[in-house]
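A quick write-up on the structure given underneath.
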Amino acid sequence: MGSLTSAWNRVFAVLGRVSMYRLVYLALAALAVIAIALSLVDQVAPTWLELVVTLAVLGGVCVAVDAAAQRVLHLPWRLESSLITAHILLFVLRPTLDFAALGGIALAAAVASLSKYLLAWRGRHIFNPAAVGATVLSLVSIAVPALGASAWWVGTPALAGPVIVLGLAVVLRTEKVRVVAVFLVIAVAVAVLRTSAQYQAAGLEVDAAQIFWPILWSSPFLFLGAFMLSEPLTLPPRRWQQFTVAAVVGVLAGWPIPIGEITLGQERALLIGNLVAFAFALRTAVRLTLDGRADATPTVRELTFRVHDRLAFTPGQYLELEVPHRHADARGTRREFSIASAPEDLPLVRVAFKEGTSAKPQSSYKKALAEVSAGDELAITGVWGDFVLPKRPGAPILMVAAGIGVTPFVSQLRHARLAGEDRDVVLVYVASDASELAYRAELEESGVSVIVFTRDRPADLPRHWLWAQGVRLDADGLLRVVPDIAARHAYISGPAGLIADLAPALERARSITTDAFSGY
């Protein structure tokens, strides 16, 4: 487990330099280039010209419809969202040069883009847009066959390898590896059972291996899971809920249920999964206004927002805050922040971030966030995360925080104090120097044991605080200052590189829960 934790966080540290949306677009664009190259040697069904023309139509329609809708609704223009939808549809629909079929492709693109605004709940789309566009085209094609329908030609052995490599980068960045894995296992298993049953009914010999490999390499399951099911905006907030959605989609995709002239397979299965996700949590874009700013440390800024809509969260979860601005860099206009306040503090909610330095210039997002004034309205696009403490208050806990990574622990400890919970907690807090110990007053008030790693000794340490003088925070150092780590559930929040370094020690804990971030 420690090796896996270390490897995963080192990969995440690299992928985290690019926004989730930008990475998805780049992966899909790379897959399109690979498909065009394969078409030149007849390894995929569409020709290179069909791919180029179809992508041009999809891209043009998606961009135009999104731009118009966002202008009417006074929303920021999200070019990457339009291009992602267009590229997904390229692999779901049948590329063509036929004029009527291109009309059907344009219809699917328009419907997909419009669904983001028409099939939405308080600012958040309910369904995967590409799945909506493909489904509507398939339904219309029953009456007008010339328009074409979904084809899922991406399910071909020649593209299986690129889909796996690029899709893995996406699910690592979105932290949906386990969710997609559950979907793939169930979808493939169900498809093998279905095919075996069909073989038996036809009186044919059943060879599980000959059935399994074609289903894995020649089905669209890999693409569906990596690039569509993994979309965070259409998944519920908790992991067990996401697993349930993955299982539902896997069963329906693996064993399509016929309804008239269509089946509940592939994109229709995903739409049903989206409904299940929506039932778990009525996702909504939550409006809030900036209430005030404060300096948590010389380099850490705390923002307090007043929420104007219903917001519910569990201490330890994070929110995604959108700050629209022009000329956004590769990280985009949305960022994830661990919530520093407790649910009891609502309608006020607090987050914190570290300012850039001369050695590491500020991102376009931070610059835009710095210009937000008191009273300005922003939006939370969602609350997610399983970085939550055990339900049993008696479970011993180890918290390891690096710098601004202390924020989810501040929320958890404040909630425990306000709720009257008595938890056995040891907090290891790492900061560059004593002045960078954020939320010190609140941590002292919580009464938990704190072990501080700083270059200089903090002044006036409470009796339950310890300065780890001369101890280096690596795996060995962590074991020295927390000798009973094997009896504790470990939670660590900080840079992915630090989590990777401490993994050999953390693997001795009863469990490991990580909250890695890569800066913004």
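The values are calculated or read from the model by the stated rules, or taken from the named source; none is laboratory data. The structure displayed is predicted, hence computed values, not measured ones. Heads up, the Cβs are rebuilt from the backbone with ideal geometry, glycines too, and the neighbour counts pull from every protein chain shown.
Tabulated data
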item	result
Residue check for Ala131: closer than 21 Å to Val276 by Cβ and either surrounded by 22 or more Cβ atoms within 10 Å (Cβ to Cβ) or not assigned by TED's automatic domain parsing to the domain that holds Ala269 (or both)	yes
Test for Val450: is it assigned to a strand (DSSP E or B), free of Cβ contacts under 8 Å to residues at least 40 places away in the same chain, farther than 15 Å from Ala340 by Cα and not polar (S, T, N, Q)	yes
Some residue of the range 374-390 being farther than 24 Å from Pro232 by Cβ, small (Gly, Ala, Ser) and outside the structural domain of Ala441 (by TED's automatic domain parsing)	yes
Where Ala438 falls short, out of the listed (1) within 30 Å of Val471 (Cβ to Cβ); (2) free of Cβ contacts under 8 Å to residues at least 40 places away in the same chain	(2)
Considering residues of the range 120-148 that are of a type in the set (A, V, I, L, M, F, W, C) and within 21 Å of the chain's Cα centre (by Cα) only, the residue nearest to Gly60 (Cα to Cα)	Ala130
Any hit, the range 113-125, residues being part of a loop (DSSP other than H, G, I, E, B) and touching a residue at least 60 places away in the same chain (Cβ under 8 Å)	yes
Filter result for Val140 (in the same structural domain as Ser39 (by TED's automatic domain parsing), out of contact with any Lys or Arg (no Cβ under 9 Å at 6 or more places or on another chain) and under 17 Å from Ile262 (Cα atoms))	yes
Members of the range 413-435 found to be farther than 27 Å from Leu502 by Cα and surrounded by fewer than 17 Cβ atoms within 10 Å (Cβ to Cβ), listed by number	Leu418, Ala419, Gly420, Glu421, Asp422
Tally of residues being assigned to a loop (DSSP other than H, G, I, E, B) and under 25 Å from the mean Cα position of the chain (by Cα) across the range 251-302	7
Check on Val349, in a strand (DSSP E or B), in contact with a Pro (Cβ under 8 Å, 6 or more places away or on another chain) and not basic (Lys, Arg)	no
Looking only at the range 387-426, and only at residues there that are in a helix (DSSP H, G or I) and basic (Lys, Arg), the one that is farthest from Ala296 (Cα to Cα)	Arg417
Unique match (being buried (at least 16 other Cβ atoms within 10 Å of the Cβ), small (Gly, Ala, Ser) and at pLDDT 90 or above) among Ala328, Ala296, Ala281	Ala296
Number of the condition not met by Val251 [criteria: (1) closer than 20 Å to Ala29 by Cβ; (2) in contact with a helix residue (DSSP H, G or I) (Cβ under 6 Å, 6 or more places away or on another chain); (3) at pLDDT 85 or above]	(1)
Set Leu233, Leu168, Leu184, Leu229: member being in contact with a Phe, Trp or Tyr (Cβ under 7 Å, 6 or more places away or on another chain), within 30 Å of Leu389 (Cα to Cα) and surrounded by fewer than 23 Cβ atoms within 10 Å (Cβ to Cβ)	Leu184
Test: Val471 is outside any loop (DSSP other than H, G, I, E, B) and not small (Gly, Ala, Ser)	no
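Yes/no matrix, rows are residues, columns are (1) at pLDDT 95 or above; (2) among the small types (Gly, Ala, Ser):
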| position | (1), (2) |
| --- | --- |
| Trp384 | no, no |
| Lys391 | no, no |
| Ala402 | no, yes |
| Leu427 | yes, no |
| Ser432 | no, yes |
| Arg455 | no, no |
| Gln469 | no, no |
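Let's see how each residue does on (1) under 23 Å from Ala27 (Cα atoms); (2) crowded, with 24+ Cβ neighbours inside 10 Å; (3) modelled with pLDDT of 95 or more; (4) of a type in the set (A, V, I, L, M):
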{"site": "Phe91", "(1), (2), (3), (4)": "yes, yes, yes, no"}
{"site": "Pro95", "(1), (2), (3), (4)": "yes, yes, yes, no"}
{"site": "Leu102", "(1), (2), (3), (4)": "no, no, yes, yes"}
{"site": "Ile105", "(1), (2), (3), (4)": "yes, yes, yes, yes"}
{"site": "Ala112", "(1), (2), (3), (4)": "yes, yes, yes, yes"}
{"site": "Tyr117", "(1), (2), (3), (4)": "no, no, no, no"}
{"site": "Arg122", "(1), (2), (3), (4)": "no, no, no, no"}
